[in-house]
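Participant: One structure coming up, written as structure tokens, with questions to follow.
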Amino acid sequence: MLSRQEAQESSTYFSRLFQRVRGRIDLQTITALMGFAIIIGVVTGLVAVVFIKLIGWVTQFSFEQGLPQLLASLGSAWIVLVPVIGALISGPMIAYWAIEAKGHGVPEVMQAIITRGGRIRPRVAVVKSLASAVCIGTGGSAGREGPIVQVGSALGSTVAQLFRLGRERTVTLVACGAAAGIAATFNAPIAGVIFAMEVILGEFTTHYFGTVVVAAVAASVVSRHFLGDNPAFIMPAYSLVSAWELPLYAVLGVLAAVVGWAFVEVLYFLEDTFDSWRFPDALKPAVGAVPVGLIALAYPQALGTGLPVIEQALVGGLPWTLLLVLVFAKLIATSFTLGSGNSGGIFSPSLFMGAMLGGAFGYGVHSLFPTVTAGVGAYALVGMASVFAAAAHAPLTAFLIVFEMSGDYRMILPLMVTVGLSTILSQYMRPYSIYTLKLVKRGIPLERDRDVDLMRNVTVGEVMTQNPDVVRTDMSLRELIDVFNRTRHHGFPVLDHEGRLFGVVTIQDLERAMAAGSIEGRTVADIAQRDVTVVYPDDPLSKALLYMSEQNFGRIPVVDPQDPTRLVGLLRRENIVRAYRHAILRKLEEQHREESLRLGHLTETEVLEVQLAPGMMAVGRRIRDLSLPPHALITTVRRDSRVLIAHGEMLLQPGDTLVILAQKDKVDEVQRALEGEG
């Protein structure tokens, strides 16, 4: 067994070896990027295989050999406890280890791309896969694709961070991981690529396409090797019987839009309800699992991913009454599972609801028009794609996932009519998809040119006024007048006698009180506004800006997310202006850094960033007096919050950050000239 010193020496050796290898690889070439894509695809494929197997093992223990025997004394009610037991395991994992693993995962990946340049914590991959396997395996109504998309994306992000790739290449590798996840989970590489482009990136461009295709193919090859090369569903061949069927498929498209809309509304209603409930986050999934277990008493088909039940619907093996009931049973079970904070995806539940809806509709139209309509399974197949398209606003992904999962391309016309109509109607009823609605609720911008929002990375906590001036509820209005005159503020947060947030009072509130009559004997509590909009320190500044512009607020209290009555700061208009100036400087720095790196790559030079510390030789000297080697150039100096163009007469100060362009073999010489060594 290695001693601690030997382990540290081994770790140092491998770290140096990694640094040496990384230094010798030209990470900017397309060959390196393709290599990363293959690695991400292969590893994501292997993770998907293990994840699917793990769900199978947990399911077997929960419903076949294990919990049924341990809970046999409860009679038929044992099935109610199984989802609750699973949630008591997965809930604490999510709450304490990686809160990003909560819910269906895809919005978190999109948020990472928009707000953090694709950076995702590596631990998310581990927690998401384990928590989702427990949730789904114990009957939680959720899909397995969302976790694998988040795991694959986290893997791509980790590789990019490990090799210190730029934002653009990080986003590319995140998309590779997402595509690989879908490809491996459903044996659908084409749908995986389109999902990554249509949903994750929100744009179709050849810049990403080739790399994403490579990752999806690699993942699909791995999953097919271990899981088999068969379509996800084995079903009869269906085709359009008559052109008169197309109006019937159009009606199905309308119904699918309604179901997709209802699914999104119910899911986010329950999510908002659970989020606002002051109850331990680790236990909320267990509460949400109770109605799931109750549904399972009568309709166990609604548990888990539901993929075997979908296959039964596709072959016409379920009665129409059961099909119709399962639409609503699955909708409610999935909404409680994910809305309460458990982990899983919405892809499979959407396909499930669509198949049940289409199958029930198919029974009806086939009984009315038996000579001009296809069998029940054909409508179930089309319904699968339509409900998913209505919920996700992703018609191309819906087309292709059904084609690849069924292996049948002859239903193209009904699919085009139904999916197209359901997508259009759902967008009319609600402009945001099941993925983007969560981002909108968080105040995250959805512009496809995401660089438009200069403050996308700025949080409220970075710019708010800490320890703001406040007034108390028992302060008299006479005293309030003096406070307004002394501070020149136009409004204050109001705290009660226990120091909790009571409301907000503005100078307009005081003027209205004075106009209404005498203010003698009246206090701040009499005129303060109790219904107050608040924000949290971690909220993006764009969310607060939206509130301020839409409701014409001059200030918004910032509160503790764990205790909304505890004031931690105040956001004023002047904070926004100052933040905007900082955001512009940050944007200019990013652009300058990207251009410098590009120039360095083209000219065999390296871009250095050196922060001057007290005692360095360069401190207190002019740039022209430095003994820099030939062809070394100081381009800019960052001083406090300013970016300064370097010139020979500039006097360098402690804390300055120098951006230097130098030949790669002169880097050490530059360092010595600045630090004074040797």
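Participant: Quick one: Gln150 ticks every box in (1) more than 17 Å from Ala398 (Cα to Cα); (2) touching a residue at least 60 places away in the same chain (Cβ under 8 Å) bar one, so which box is it?
Facilitator: Result: Gln150 passes all but (2).
Participant: Same structure again: Considering only helices (runs of 4 or more DSSP H) fully contained in region 487-557, which possess at least 3 residues that are of a type in the set (Ser, Thr, Tyr)?
Facilitator: Those helices (runs of 4 or more DSSP H) span 541-551.
Participant: Determine which member of the set Ile85, Ile113, Ile89, Ile120 is in contact (Cβ under 8 Å) with a residue 60 or more places away in the chain and among the aliphatic types (A, V, I, L, M).
Facilitator: Ile113
Participant: Determine whether region 68-90 contains at least one residue that is under 27 Å from Ala196 (Cβ atoms) and in contact with a Lys or Arg (Cβ under 8 Å, 6 or more places away or on another chain).
Facilitator: Among the residues of region 68-90, not one is under 27 Å from Ala196 (Cβ atoms) and in contact with a Lys or Arg (Cβ under 8 Å, 6 or more places away or on another chain), which makes the answer no.
Participant: Moving on. Can you tell me how many residues in region 359-373 are closer than 12 Å to Leu252 by Cβ and either of a type in the set (Asp, Glu) or not in a helix (DSSP H, G or I) (or both)?
Facilitator: Number satisfying all stated conditions: 1.
Participant: Give the residues of region 272-310 that are of a type in the set (D, E, K, R) and modelled with pLDDT of 90 or more, sorted by residue number.
Facilitator: Lys284
Participant: Another one. Can Ala380 be described as in contact with a helix residue (DSSP H, G or I) (Cβ under 8 Å, 6 or more places away or on another chain), more than 28 Å from Trp244 (Cβ to Cβ) and at pLDDT 90 or above?
Facilitator: So Ala380 does not fit the description; no.
Participant: Quick one: Pro280 ticks every box in (1) surrounded by fewer than 20 Cβ atoms within 10 Å (Cβ to Cβ); (2) within 29 Å of Pro236 (Cβ to Cβ) except a single one, so which number is it?
Facilitator: (2)
Participant: While we're looking at this one, here's another question. What number of residues in region 510-519 are touching a Leu at 6+ places or on another chain (Cβ under 9 Å) and more than 15 Å from Asp474 (Cβ to Cβ)?
Facilitator: 3
Participant: Could you grab me the full set of residues in region 474-494 that are over 24 Å from Lys543 (Cβ atoms) and either among the hydrophobic types (A, V, I, L, M, F, W, C) or crowded, with 18+ Cβ neighbours inside 10 Å (or both)?
Facilitator: Of everything in region 474-494, those that are over 24 Å from Lys543 (Cβ atoms) and either among the hydrophobic types (A, V, I, L, M, F, W, C) or crowded, with 18+ Cβ neighbours inside 10 Å (or both) turn out to be Met475, Leu477, Leu480, Ile481, Val483, Phe484.
Participant: Can you say whether Gln60 is outside any helix (DSSP H, G or I), in the same structural domain as Leu173 (by TED's automatic domain parsing) and either polar (S, T, N, Q) or modelled with pLDDT under 80 (or both), as far as the supplied structure shows?
Facilitator: Against the criterion (outside any helix (DSSP H, G or I), in the same structural domain as Leu173 (by TED's automatic domain parsing) and either polar (S, T, N, Q) or modelled with pLDDT under 80 (or both)), Gln60 does not qualify.
Participant: Enumerate the helices (runs of 4 or more DSSP H) found wholly within region 230-337, keeping only those where 3 or more residues are under 25 Å from the mean Cα position of the chain (by Cα) and within 20 Å of Val134 (Cα to Cα).
Facilitator: It comes to 284-298.
Participant: Looking for something farther than 24 Å from Gly140 by Cα and surrounded by fewer than 24 Cβ atoms within 10 Å (Cβ to Cβ) - is there at least one such residue anywhere in region 347-361?
Facilitator: Within region 347-361, not a single residue is farther than 24 Å from Gly140 by Cα and surrounded by fewer than 24 Cβ atoms within 10 Å (Cβ to Cβ).
Participant: Could you please let me know if Thr465 is closer than 30 Å to Ile113 by Cβ, at pLDDT below 90 and among the β-branched types (Val, Ile, Thr)?
Facilitator: Taking the combined requirement at face value, the residue does not satisfy it.
Participant: I'd like the residue in region 162-182 that is at pLDDT below 80 and outside any loop (DSSP other than H, G, I, E, B) and, out of all such residues, is nearest to Phe195 (Cα to Cα).
Facilitator: The residue in question is Glu168.
Participant: Surrounded by fewer than 18 Cβ atoms within 10 Å (Cβ to Cβ), at pLDDT 75 or above, more than 30 Å from Asp281 (Cα to Cα) and hydrophobic (A, V, I, L, M, F, W, C): is that true of Val577 in this structure?
Facilitator: no
Participant: Does Ser157 qualify as being buried (at least 24 other Cβ atoms within 10 Å of the Cβ), under 16 Å from the mean Cα position of the chain (by Cα) and hydroxyl-bearing (Ser, Thr, Tyr)?
Facilitator: Spelling it out, Ser157 is indeed buried (at least 24 other Cβ atoms within 10 Å of the Cβ), under 16 Å from the mean Cα position of the chain (by Cα) and hydroxyl-bearing (Ser, Thr, Tyr).
Participant: Only one of (1) in contact with a Phe, Trp or Tyr (Cβ under 7 Å, 6 or more places away or on another chain); (2) at pLDDT below 75; (3) part of a helix (DSSP H, G or I) is not met by Leu27, so which one is it?
Facilitator: (3)
Participant: Restricting attention to region 260-283, which residues are of a type in the set (Ser, Thr, Tyr) and in contact with a helix residue (DSSP H, G or I) (Cβ under 8 Å, 6 or more places away or on another chain)?
Facilitator: Tyr268, Thr273
The values are calculated or read from the model by the stated rules, or taken from the named source; none is laboratory data. None of these values were measured; they are calculated from a predicted model. Note that we place each Cβ from the backbone using ideal geometry, even for glycine, and neighbour counts take in every protein chain shown.
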